[in-house]
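Here is the structure we will look at, set down as structure tokens.
The values are calculated or read from the model by the stated rules, or taken from the named source; none is laboratory data. Note that the structure is predicted; figures quoted are calculated from it, not measured. Note that we place each Cβ from the backbone using ideal geometry, even for glycine, and neighbour counts take in every protein chain shown. Please note that ligands, DNA and RNA were not included when accessible areas were found on the heavy atoms of the full protein model with its side chains. Shrake-Rupley method; radii C 1.70, N 1.55, O 1.52, S 1.80 Å.
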Amino acid sequence: MKDFKLNISSLGYLVAELTKLVTANPNKSFRIVVKGWRESRSLSQNAFQHVIYSDISKYLIKKGRTDWNDEKVKFEMKNNFLGWDVTECTNVTTGEITTKEVLRGTSKLDAGEACDYITKLLDFAQGIGCSIRIPADSDYQKYIDEQNR
């Protein structure tokens, strides 16, 4: 079942979907997590993350770390600040289900989590001497301004 917004009008849908899921898999248990709804990270936040990866990459390459391209920076930042999730994988041939650790992606972050992640990226950049300009009209800056009111 995918994430969806639960409210009074969607409650019946939730019960129906859970009933289908459990009756179709009577010998299986499921984990259900309910947390307050928060909007997903914005495209602006995602774009800003990629600007940061690029700026850090350029800075590190200039300092002699020539293998630190944008993708390596992105991987290492996610590895250090987002971590890994355990996910189920199904072997398409045998049907065997195994678990595997996968790097947590930014697409599943809500707006607040994305803001926190960007703050960690900026702190890291500042810590190594890499200056990154924060656009005044960015969603990140707007979110920070809201938090500081």
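Which condition breaks for Lys35 when tested against (1) under 20 Å from the mean Cα position of the chain (by Cα); (2) surrounded by 10 or more Cβ atoms within 10 Å (Cβ to Cβ); (3) basic (Lys, Arg)?
Against the list (1) under 20 Å from the mean Cα position of the chain (by Cα); (2) surrounded by 10 or more Cβ atoms within 10 Å (Cβ to Cβ); (3) basic (Lys, Arg), Lys35 comes up short only on (2).
Considering only residues that are in a helix (DSSP H, G or I) and farther than 19 Å from Lys58 by Cα, look in region 108-118 and name the one that is most open to solvent (accessible area, probe 1.4 Å).
Asp116
What about Ile56, is it within 18 Å of Ile132 (Cα to Cα), part of a helix (DSSP H, G or I) and over 20 Å from the mean Cα position of the chain (by Cα)?
no
Mind listing whichever residues of region 110-129 are at pLDDT below 90 and either within 15 Å of Lys74 (Cα to Cα) or hydrophobic (A, V, I, L, M, F, W, C) (or both)?
Across region 110-129, the qualifying residue is only Ala111.
Considering each of Ile144, Ile97, Ile132 in turn, give the residue that is in contact (Cβ under 8 Å) with a residue 24 or more places away in the chain and either of a type in the set (S, T, N, Q) or farther than 20 Å from Lys74 by Cα (or both).
On the way: Ile97 fails: in contact (Cβ under 8 Å) with a residue 24 or more places away in the chain; Ile132 fails: either of a type in the set (S, T, N, Q) or farther than 20 Å from Lys74 by Cα (or both).
Unique residue meeting the criteria: Ile144.
Could you give every pair whose Cβ atoms fall below 7 Å, whose first residue belongs to region 13-29 and is farther than 17 Å from Ile97 by Cα and without any contact (Cβ under 8 Å) to a residue 24 or more places away in the chain, and whose second residue is surrounded by 10 or more Cβ atoms within 10 Å (Cβ to Cβ) and of a type in the set (A, V, I, L, M, F, W, C), counting only separations of at least 6 or pairs across chains?
Correct list of pairs: Leu14/Leu6; Glu17/Met1; Leu21/Met1.
Within region 11-30, track down each residue that is open to solvent by 80 Å² or more (accessible area, probe 1.4 Å) and of a type outside the set (A, V, I, L, M, F, W, C).
Tyr13, Lys20, Thr23, Pro26, Asn27, Lys28, Ser29
Could you grab me the full set of residues in region 64-106 that are assigned to a loop (DSSP other than H, G, I, E, B), on the phi < 0 side of the Ramachandran plot and under 17 Å from the mean Cα position of the chain (by Cα)?
Residues satisfying the conditions are Leu82, Arg104, Gly105, Thr106.
For region 64-74, indicate whether the set of residues that are open to solvent by 50 Å² or more (accessible area, probe 1.4 Å) and aromatic (Phe, Trp, Tyr) is non-empty. Break it down stepwise before answering.
Initially, region 64-74 is screened for residues open to solvent by 50 Å² or more (accessible area, probe 1.4 Å), giving 64-67, 69-72.
Filter once more, keeping what is aromatic (Phe, Trp, Tyr): none.
There is no residue in region 64-74 that is open to solvent by 50 Å² or more (accessible area, probe 1.4 Å) and aromatic (Phe, Trp, Tyr).
For the subset of region 119-148 comprising residues that are part of a helix (DSSP H, G or I) and among the polar types (S, T, N, Q), which member is nearest to the chain's Cα centre (by Cα)?
Among them, the one singled out is Thr119.
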